[in-house]
1. Just one of the numbered conditions (1) free of Cβ contacts under 8 Å to residues at least 12 places away in the same chain; (2) under 19 Å from the mean Cα position of the chain (by Cα); (3) more than 18 Å from G105 (Cβ to Cβ) is not true of L234; which one?
2. Which of (1) crowded, with 19+ Cβ neighbours inside 10 Å; (2) in contact (Cβ under 8 Å) with a residue 60 or more places away in the chain; (3) within 28 Å of V240 (Cβ to Cβ) is the odd one out, the single condition G25 does not satisfy?
3. For segment 143-190, what are the residues that are over 19 Å from V201 (Cα atoms), among the charged types (D, E, K, R) and touching a residue at least 12 places away in the same chain (Cβ under 8 Å)?
4. Please verify whether G219 is touching a residue at least 24 places away in the same chain (Cβ under 8 Å) and under 15 Å from S109 (Cα atoms), treating the condition exactly as stated.
5. Quick one: which residue in D103, D108 is of a type outside the set (A, V, I, L, M), under 15 Å from the mean Cα position of the chain (by Cα), at pLDDT 95 or above and under 13 Å from G219 (Cβ atoms)?
6. Checking the condition modelled with pLDDT of 90 or more and farther than 13 Å from I193 by Cα, which residue from E175, E121, E138 passes?
7. Considering (1) free of Cβ contacts under 8 Å to residues at least 60 places away in the same chain; (2) surrounded by fewer than 17 Cβ atoms within 10 Å (Cβ to Cβ); (3) over 17 Å from the mean Cα position of the chain (by Cα), say which one I193 fails and leave the rest.
8. If we only count strands (runs of 3 or more DSSP E) wholly inside segment 1-64, which ones have 1 or more residues that are farther than 24 Å from N95 by Cα and of a type in the set (A, V, I, L, M)?
Amino acid sequence: MVKHMIFAGIDIGSITAKAALIKNGKLIGTLVIPTGYNPVTAGEKVFSDLLAQTKINPKDVTAIVATGYGRNSVAFADKAMTEIICHGVGAHFLNPKIRGIIDVGGQDSKAIALDTSGQVENFAMNDKCAAGTGRFLEVMAKALEVELNELGNMSQSSNAPSKISSICTVFAESEVISMIAGQQKREDIIAGIHESAAARVGSLATKVKLQSPVIMTGGVAKNKGMVKALESRLGIEILVGDFPQENGAIGAAVLASRLKR
């Protein structure tokens, strides 16, 4: 890694845009903002806002790598790389012991197996269906008239999670509406929603045979109920780091430091 140089990673997701800066091999700043309807504008804004926050001149940034579904919209990046690779590198950078990643974002979910050097050994991805993603939880929260960030805490008080049989988000929403009409406890419905989502995501983890220690990334990692449901489903402890949403951007910044200039 080149010393005394600053490298940036930008991750444009469907819901949020993230940026990270690395200097001398150390993380010096991260930022998360809503992506909005324009990924081009989001990429420019999250980068410029982070530079302003860290008081760094754009000219001092040596290289930039973009990732996420909107990575090709970041025209000022030196290179675009897949989020699978970036998540692996980011997790290894933050904790070299990590061997597995469960990433649950707004529109997709992934399970990634890593080797001892942080290289991706295997992965599975669900990007065709909203079930088990942040969007799934968002739809359910709306049906229950609960704030999305309240789901995790509310589900903790459930002793009898409701059974949601539908995999499809649309049908699962209909089930939830019927449960509300049947006056089932809101906490039990939420716990059932987490178990349903965990079953979908857990199948990805099982498919790639994730080994401990496993870390969860993505915005859904902030949902304690979802983490608990996944732990129960897989029978392993799941770690949540300090930068679950920023992990991909951090990995992109590390990869930027490896680019030959």
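The values are calculated or read from the model by the stated rules, or taken from the named source; none is laboratory data. Note that this is a predicted model, so its numbers are computed, not measured. Note: ideal-geometry Cβ built from the backbone for every residue, glycine included; neighbour counts use all protein chains shown.
1. So L234 meets the others, but not (1).
2. Among (1) crowded, with 19+ Cβ neighbours inside 10 Å; (2) in contact (Cβ under 8 Å) with a residue 60 or more places away in the chain; (3) within 28 Å of V240 (Cβ to Cβ), the lone unmet condition for G25 is (1).
3. Answer for segment 143-190, where residues must be over 19 Å from V201 (Cα atoms), among the charged types (D, E, K, R) and touching a residue at least 12 places away in the same chain (Cβ under 8 Å): K185, R186, E187, D188.
4. On the way: touching a residue at least 24 places away in the same chain (Cβ under 8 Å): yes; under 15 Å from S109 (Cα atoms): yes.
It is true that G219 is touching a residue at least 24 places away in the same chain (Cβ under 8 Å) and under 15 Å from S109 (Cα atoms).
5. None of the other options fit; the residue is D103.
6. Values: E175 fails: farther than 13 Å from I193 by Cα; E138 fails: farther than 13 Å from I193 by Cα.
The conditions single out E121.
7. Condition not satisfied by I193: (2).
8. Hits in segment 1-64: 26-34.
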